[in-house]
C-alpha cells in the first residue's frame with residue numbers, strides 16, 4: 001500500500017468515526033537512517049507529494065531533526081525540500 005492509499009484509508013476511518021479529519025506527523029529521518037541513497041529517495045518522495053491536499057480533511061507535517069537536515073542537505077536541497085510544502089514550521093535549537 002502506498003502512502004496516499006494509506007491516507008485515504010485513514011480519512012475514511014475518521015469520517016466513519018465522525019472526526020473532523022486526519023493529521024499526519026512524519027519523521028523523515030527514517031529515509032536516510034540506514035540507506036545509502038536515502039537523501040535522493042527522500043527528495044523524490046517529498047516532490048511526489050501534493051503541496052496541498054485539496055478536498056481532503058488532512059494536514060501533513062514532515063519532521064526533520066535540524067542538525068540532520070543541515071548536515072545531509074546543501075542549501076539548494078534544503079530550499080527545494082522547504083518549497084515542497086505549503087507551510088513550514090522551523091524549530092531551532094537554542095544552542
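Using beta carbons and a limit of 6 Å, which pairs, at least six apart or on different chains, have the first residue in the stretch 43-56 and over 16 Å from residue 5 (Cβ atoms) and the second one not in a loop (DSSP other than H, G, I, E, B)?
These pairs meet every condition: 46/81.
For the stretch 1-27, give me each residue that is in a loop (DSSP other than H, G, I, E, B), out of contact with any strand residue (DSSP E or B) (no Cβ under 9 Å at 6 or more places or on another chain) and either surrounded by 11 or more Cβ atoms within 10 Å (Cβ to Cβ) or modelled with pLDDT under 80 (or both).
1, 19
Consider residue 46 carefully, then state whether it is surrounded by 15 or more Cβ atoms within 10 Å (Cβ to Cβ), modelled with pLDDT of 80 or more and within 12 Å of the chain's Cα centre (by Cα).
Here the answer is yes, as residue 46 does meet what is asked.
If I ask for residues that are surrounded by fewer than 14 Cβ atoms within 10 Å (Cβ to Cβ) and more than 26 Å from residue 20 (Cβ to Cβ), which ones from the stretch 49-67 would you list?
66, 67
Conditions (1) modelled with pLDDT of 85 or more; (2) farther than 17 Å from residue 80 by Cβ; (3) not in a loop (DSSP other than H, G, I, E, B), marked per residue:
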site: 29; (1), (2), (3): no, yes, yes
site: 41; (1), (2), (3): no, no, yes
site: 50; (1), (2), (3): no, no, no
site: 53; (1), (2), (3): no, yes, no
site: 60; (1), (2), (3): no, yes, yes
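Hey, does the stretch 86-94 have a residue that's free of Cβ contacts under 8 Å to residues at least 40 places away in the same chain, farther than 26 Å from residue 5 by Cβ and touching a strand residue (DSSP E or B) at 6+ places or on another chain (Cβ under 8 Å)?
yes
The values are calculated or read from the model by the stated rules, or taken from the named source; none is laboratory data. This structure is a prediction, so every number in the text was calculated from the model and none was measured. In this analysis, Cβ positions are derived from the backbone assuming ideal geometry, glycine residues included, and neighbour counts consider all displayed protein chains.
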